[in-house]
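Notes for the one structure printed next.
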Amino acid sequence: MPPTLTVTSPSSPPPPPPPPPFPGSNEESPEDIVRNAEVDSDSDDDELDDLAFTHPAQYKPAPWIWVPRDPFGYSELVVKDLKRAGVEASDDGATLDKEGIVKVIRNRECPN
């Protein structure tokens, strides 16, 4: 490809500078970016690096699971299984009727 030539006259303003290679670029080469990333690594990130590819369910506490009580007793089995697995769960304060509608008792604290 032949080089491009820009001709300007004294009365015209100079052409604008070329845009960066990609948005947000400070025109560093990929090698510089990698080198700077290695230098900028912080010891506080070491703990995060140890867990980088670990699912959060393996190192964060599990949330409370509130299962609505059903007329067939299935919720009691689910709650027992969850507690056995180490997950806090309860079926107090909410019910599920035969049509599948959940009714919650309002102004009640989460079950303990």
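Here, each number is a calculation from the coordinates, and none is a lab measurement. This structure is a prediction, so every number in the text was calculated from the model and none was measured. All Cβ positions, glycine included, derive from the backbone under ideal geometry; neighbour counts span all protein chains shown.
Structure notes:
- Two-site label geometry, R84 and A52: point separation in nm, points 7 Å out along Cα→Cβ: 3.9
- For the range 95-105, backbone phi angles converted through the Karplus equation (6.51, -1.76, 1.60; θ = phi - 60°) give residue-by-residue couplings of 10, 10, 8, 5, 8, x, 8, 8, 10, 10, 7 Hz, Gly and Pro being listed as x.
- Length gained on full extension, I101 to E31: 19.3 nm, using 0.36 nm per residue less the C-alpha separation.
- Scalar couplings 3J(HN,Hα) for the range 83-91, obtained by applying the Karplus form with A = 6.51, B = -1.76, C = 1.60 to θ = phi - 60°, are 5, 5, 7, x, 9, 5, 8, 7, 10 Hz; x denotes Gly and Pro.
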